[in-house]
Amino acid sequence: MTADTIVAVDTRINARWLIPIEPANTVLDHQALLIQGDRIAAIVSQDEADRQYRARETIDLPHHVLMPGLINMHGHAAMSLFRGLADDLPLMTWLNDHIWPAEGQFVSADFIADGTALAIAEMLRTGTTTFSDMYFFPEVAATVAHDTGIRAQLCFPLIEMPTLWGSGPDDYLAKGEALIRQWQGNPWIMPAIGPHAPYTVTDESLARAVQLSGDLGARIQLHLHETAFEVTDAVEKTGQRPLDRIADLGLLTSMTQCVHMTQISDSDLETLSGSGAHIIHCPESNLKLASGLCPVEDLSKLGLNVAIGTDGAASNNNLDLFGEINTAAMLAKVVSGDAAALSAHRALAMATINGARALGREHELGSLAAGKLADVIAIDLSDPFVQPVYDPASHLVYSNHGRQVSHSWIGGVPQVQEGRLTRVDVPDLMLRVQAWAEQIRSAQSN
């Protein structure tokens, strides 16, 4: 580019700080991020932008941090309609006596559409631009996500028992294969395979999931080593830890996303080492259900990719990934006994570039760089509770919450502007949510 060249772009965003995530541990001052179409055209100083670029729209954010949109790597979006339904209970009691009966009564295509829309509204408002979902009627959730303009990995459920979505493994796999073929290669919707957990899926079904993954290139996400009971029960019944079982079945590869992993032995670390599998840490759900603590530092020292998720709003009870980052950073220090564990920059990486790696899309998502997709968020640090600002990365992890997200773009399209959702009709959505709440409340009281 010569000194006389002026480049036209769609959008220029001027920000006080910019955290690109890559290179690591980097905070840039007074930068301009330029967007052309759905991509980042350049990141330059504001002075250079004045000289070299002309934008159709310029947005000045003098008290804000720009960073990549957050990637929530595990959840059950439509379960937002069950938020607060059955709190303060152990996992299996929560599932067997409350959640599974409620799902049997209420889950339908309409329930999934409205619950997913509610979850998306919350996630967009708190900085998430890509999410992973594992729930019933994934074809409905895919349409809702696509129509809203948020990126999503949709994991179709695979379980031995019949549900309202299907009659059993044959049905789930057939519908799941159709979902994968429908959306394969789409930049917004990433279809994937979602075996519920080793204790609810047989070897035969898991082997078929591995075959489908190999045939169509779809990723696999499953709950794994979530509780001590899950592991000890498996050892008593089969003589094998669940991790060893899925490894023997060929399921532990770079295409696999292992969710929770709170129960990890030295032998598990050896099994995971070199596997290429991704770990999805859900700290707040694990705490609330007393499931256990994921040893993030031990996993990271082995070179394993550790991303982060909120889990569903029925067991969290929110989808604010900034809150999850804060909890993860605090827990890592206690679990490892090291106050320097999981620094602020590394915690932010878990929710951005590490999630992109788990999706196999680190070349497009998870950091801010020219040529990457323009999935960008801005966080306002002007409020008293985050003043003064010495280190914006530290503030984002230890002082911030998701409601300070003021702006969001996905593929260059505005999704949040001045704290307001641009593509979600919130009043209409709230009417539908209230109608569901009245039905569920009435059923619970009978």
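The values are calculated or read from the model by the stated rules, or taken from the named source; none is laboratory data. These numbers were taken from a predicted model, which means no experiment stands behind them. So basically every Cβ, Gly included, is an ideal-geometry build from the backbone, and we count neighbours across all protein chains shown. Heavy atoms of the whole protein, side chains included, go into the accessibility calculation; ligands, DNA and RNA do not. Shrake-Rupley method; radii C 1.70, N 1.55, O 1.52, S 1.80 Å.
Summary of computed values
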{"item": "Strands (runs of 3 or more DSSP E) fully within the stretch 217-288 counting 3 or more residues that are at pLDDT 95 or above and among the hydrophobic types (A, V, I, L, M, F, W, C)", "result": "220-224"}
{"item": "Selection count, the stretch 292-316, where residues are among the hydroxyl-bearing types (S, T, Y) and surrounded by fewer than 24 Cβ atoms within 10 Å (Cβ to Cβ)", "result": "1"}
{"item": "Single residue of the stretch 182-204 satisfying the filter (over 18 Å from I246 (Cβ atoms) and out of contact with any strand residue (DSSP E or B) (no Cβ under 8 Å at 6 or more places or on another chain)) that is least open to solvent (accessible area, probe 1.4 Å)", "result": "N186"}
{"item": "Criterion (touching a residue at least 60 places away in the same chain (Cβ under 8 Å) and surrounded by fewer than 22 Cβ atoms within 10 Å (Cβ to Cβ)) met by exactly one of A247, A228", "result": "A228"}
{"item": "The stretch 389-429: number of residues that are outside any strand (DSSP E or B), in contact with a strand residue (DSSP E or B) (Cβ under 9 Å, 6 or more places away or on another chain) and buried (at least 17 other Cβ atoms within 10 Å of the Cβ)", "result": "10"}
{"item": "L118 vs. criteria part of a helix (DSSP H, G or I), open to solvent by less than 40 Å² (accessible area, probe 1.4 Å) and within 27 Å of T227 (Cα to Cα)", "result": "no"}
{"item": "Tabulated pairs, the stretch 309-336, first within 21 Å of I353 (Cβ to Cβ) and free of Cβ contacts under 8 Å to residues at least 40 places away in the same chain, second aliphatic (A, V, I, L, M) and part of a helix (DSSP H, G or I), C-beta under 7 angstrom, 6+ apart or interchain", "result": "A332/V296"}
{"item": "Search result, residues across the stretch 291-310 that are assigned to a loop (DSSP other than H, G, I, E, B) and among the aliphatic types (A, V, I, L, M)", "result": "L293, L302, L304"}
{"item": "Contacts under 7 angstrom Cβ, first residue in the stretch 14-30 being under 21 Å from N354 (Cα atoms), partner open to solvent by 60 Å² or more (accessible area, probe 1.4 Å) and in a loop (DSSP other than H, G, I, E, B), 6 or more apart", "result": "none"}
{"item": "Close pairs (6 angstrom Cβ cut-off, 6 or more residues apart or separate chains): under 17 Å from R219 (Cβ atoms) in the stretch 269-297, outside any loop (DSSP other than H, G, I, E, B) and polar (S, T, N, Q) anywhere", "result": "A277/T256; H278/Q257; H278/N305; I280/Q257"}
{"item": "Within the stretch 205-218, tally of residues that are open to solvent by 50 Å² or more (accessible area, probe 1.4 Å) and either basic (K, R) or in contact (Cβ under 8 Å) with a residue 40 or more places away in the chain (or both)", "result": "1"}
{"item": "Odd one out for F131, checked against (1) among the aromatic types (F, W, Y); (2) over 20 Å from I193 (Cβ atoms); (3) open to solvent by less than 20 Å² (accessible area, probe 1.4 Å)", "result": "(2)"}
{"item": "The stretch 151-181: number of residues that are without any contact (Cβ under 8 Å) to a residue 12 or more places away in the chain and either closer than 22 Å to L249 by Cα or buried (at least 16 other Cβ atoms within 10 Å of the Cβ) (or both)", "result": "5"}
{"item": "Count of residues meeting criterion [surrounded by fewer than 21 Cβ atoms within 10 Å (Cβ to Cβ), closer than 14 Å to E122 by Cα and touching a Leu at 6+ places or on another chain (Cβ under 9 Å)] in the stretch 317-347", "result": "0"}
{"item": "Condition check for V259: within 24 Å of M92 (Cβ to Cβ) and open to solvent by less than 10 Å² (accessible area, probe 1.4 Å)", "result": "yes"}
{"item": "Residue count, the stretch 370-388 (criterion: in a loop (DSSP other than H, G, I, E, B) and either over 28 Å from A339 (Cβ atoms) or touching a Pro at 6+ places or on another chain (Cβ under 7 Å) (or both))", "result": "7"}
{"item": "Any hit, the stretch 92-115, residues being of a type in the set (S, T, N, Q), assigned to a strand (DSSP E or B), in contact (Cβ under 8 Å) with a residue 24 or more places away in the chain and surrounded by fewer than 24 Cβ atoms within 10 Å (Cβ to Cβ)", "result": "no"}
{"item": "Candidates T256, T262 - the one that is in contact with a Gly (Cβ under 7 Å, 6 or more places away or on another chain) and touching a residue at least 12 places away in the same chain (Cβ under 8 Å)", "result": "T262"}
{"item": "Selection count, the stretch 145-178, where residues are among the β-branched types (V, I, T) and over 20 Å from A113 (Cβ atoms)", "result": "1"}
{"item": "Residue under evaluation D47, criteria (1) within 30 Å of Q434 (Cα to Cα); (2) of a type outside the set (G, A, S); (3) more than 26 Å from the chain's Cα centre (by Cα), criterion not met", "result": "(1)"}
{"item": "Residues of the stretch 365-388 that turn out to be free of Cβ contacts under 8 Å to residues at least 24 places away in the same chain and either among the small types (G, A, S) or surrounded by fewer than 19 Cβ atoms within 10 Å (Cβ to Cβ) (or both), as a count", "result": "5"}
